[in-house]
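In what follows, a structure is listed as structure tokens, so that the remarks can point back to it.
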Amino acid sequence: MAERRYLHLNLVANDLNLHQGAYKYERAQGIAERGTFERLLEYGRFGDEGLFTALFVGDIPGMQGSPAFDGGPAEPITALTAISQHTEHVGLIATASTTFYDPYNLARLLASLDQASDGRAGYNAVTSVIDRFALNYSLENHLDREARYHRADEFLQVLRGLWDNRSLRRDPDGLTRFYAEPIDHRGPLFQVSGPLNIAPSRQGRPLIAQAGGSGSGIRVAAKHADMVFTNSSTRASAAIYRETLDKALVEEGRAPGSVPPIPGLIPYLGRTTKEAEEKLRELDSYVDWEPLAPFALGQFGIEVPLGDMADPFPVHLLPRPEDVEATIKSTFGNYVGLYNWIEERPGVTVREVVAQAVGRGGATHRKFVGTYDELVDDFADWHEDGNVGGFNLMFSAGSAAIREFIDEVVPRLIDRGIYRSTPADRLLRERF
């Protein structure tokens, strides 16, 4: 009998993804101010309580502006190692850059997180995009897109080689010992002999996630990833991405359907649609939109002159995704998501684009505004299609929004039969 297929929901545990008005909203709601690390531990507790498959912690390896909106977040591997000691079930996926790290060093850090969490660790491989961050890592400038993905490919080869060439064995004398073999990797970018001096957890090696949106990203994901973080704003676009990813998997000798795409989603919820819309309006009211406008397209390295916030957005100046795929600065999938969102909304204003791209949290991922039951229906439709494994959820208003989701949506998903009613007891890689 086939095993029941449940929806995977990952909790993106970063204040980076909050609505720009979230802190003022929390103050207005009487929610106490918490320190940065206290908020991270809070995400961990919600991860277990809400039966989330994993926490997903992003990383920005440098300062984007001062003062920092996100309170100066902790480095993800350090944060998740701490969270691992306060959680039992939720997976722990840390983001780190293949452009700025050394593969042997990162292999040790992630393997240590995997030990500390007893096989719940995952790695979200990103290539990084912001030029000035490269200057923090003794680089004269940032690598171009193709060079970054060539480096990521070889980086992940080394990482997996180090993780795979080790084992714990019970010897004839009854004692368990750690064995590891050299990998003697000699490539164009890395020369690593090995072996890795960190023993494997019960999981063997951490899960590998990757944000494969461009052609280069999809090829790397198809070769190495166990899960893909995508930006699919419609069920139709999710079906197209699933087909593209499956084709790439087959080319790499892997089974189609073996790597689930997990798109991002930011829910704005209420008992009624009007209540959800009012929450969004209140959050919006705390934001000064004009200073955010340069970041809407600037994050992609695209310069489009923007006029008054109430003016129609100059759609005719927006480059097509296929024309900028090789030069885009930020995640290509995020740009495609924003481009499609704008194209679907004739007459959209500059303010609305800035809100979608920056102000309302979660980068350019899909925003859902509606009731608890409407969200459950939406999830059920996507789940039935079978083109996604679930969603990476980013909660715009922090703890209050997560609490609401756990109390109101999770029971409805369980009743619908598409979400687990008990914690996942498998090792993280096996869950996906």
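The values are calculated or read from the model by the stated rules, or taken from the named source; none is laboratory data. Fair warning: this is a prediction, and the values are worked out from it, not measured in the lab. Neighbour counts run over all protein chains shown; Cβ positions are idealised from the backbone, glycine included.
If you go through the stretch 153-187 and keep only what is in contact with a Gly (Cβ under 6 Å, 6 or more places away or on another chain) and under 17 Å from L109 (Cα atoms), you end up with just L162.
Given the condition of a type in the set (F, W, Y), assigned to a strand (DSSP E or B) and either surrounded by 17 or more Cβ atoms within 10 Å (Cβ to Cβ) or under 21 Å from the mean Cα position of the chain (by Cα) (or both), answer yes or no: does some residue in the stretch 391-414 qualify? Checked against the condition, which is being of a type in the set (F, W, Y), assigned to a strand (DSSP E or B) and either surrounded by 17 or more Cβ atoms within 10 Å (Cβ to Cβ) or under 21 Å from the mean Cα position of the chain (by Cα) (or both), the stretch 391-414 yields at least one hit. All told, D425 falls short of being of a type in the set (D, E, K, R), outside any strand (DSSP E or B) and either touching a Lys or Arg at 6+ places or on another chain (Cβ under 6 Å) or farther than 29 Å from E88 by Cβ (or both).
Okay, residues lined up against (1) closer than 19 Å to T95 by Cα; (2) in contact (Cβ under 8 Å) with a residue 24 or more places away in the chain; (3) buried (at least 19 other Cβ atoms within 10 Å of the Cβ):
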position	(1), (2), (3)
P200	no, yes, yes
R242	no, yes, yes
L245	no, yes, yes
S258	no, no, no
L269	no, yes, yes
E277	no, yes, no
E290	no, no, no
F300	no, yes, yes
E303	no, no, no
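Here A380 meets the list (1) crowded, with 19+ Cβ neighbours inside 10 Å; (2) assigned to a helix (DSSP H, G or I) almost entirely, failing just condition (1). Only one entry in T127, T87 is crowded, with 20+ Cβ neighbours inside 10 Å and at pLDDT 95 or above, namely T87. From the residues in the stretch 54-79 that are closer than 19 Å to L18 by Cβ, aliphatic (A, V, I, L, M) and outside any loop (DSSP other than H, G, I, E, B), which one is modelled with the highest pLDDT? Filtering the stretch 54-79 for residues that are closer than 19 Å to L18 by Cβ, aliphatic (A, V, I, L, M) and outside any loop (DSSP other than H, G, I, E, B), the one modelled with the highest pLDDT comes out as L55. Filtering A296, A326 for residues that are modelled with pLDDT under 85, aliphatic (A, V, I, L, M), on the phi < 0 side of the Ramachandran plot and not in a loop (DSSP other than H, G, I, E, B) leaves a single hit, A296. Of everything in the stretch 13-50 that is within 19 Å of A209 (Cβ to Cβ) and in a loop (DSSP other than H, G, I, E, B), the residue that is modelled with the lowest pLDDT is N14.
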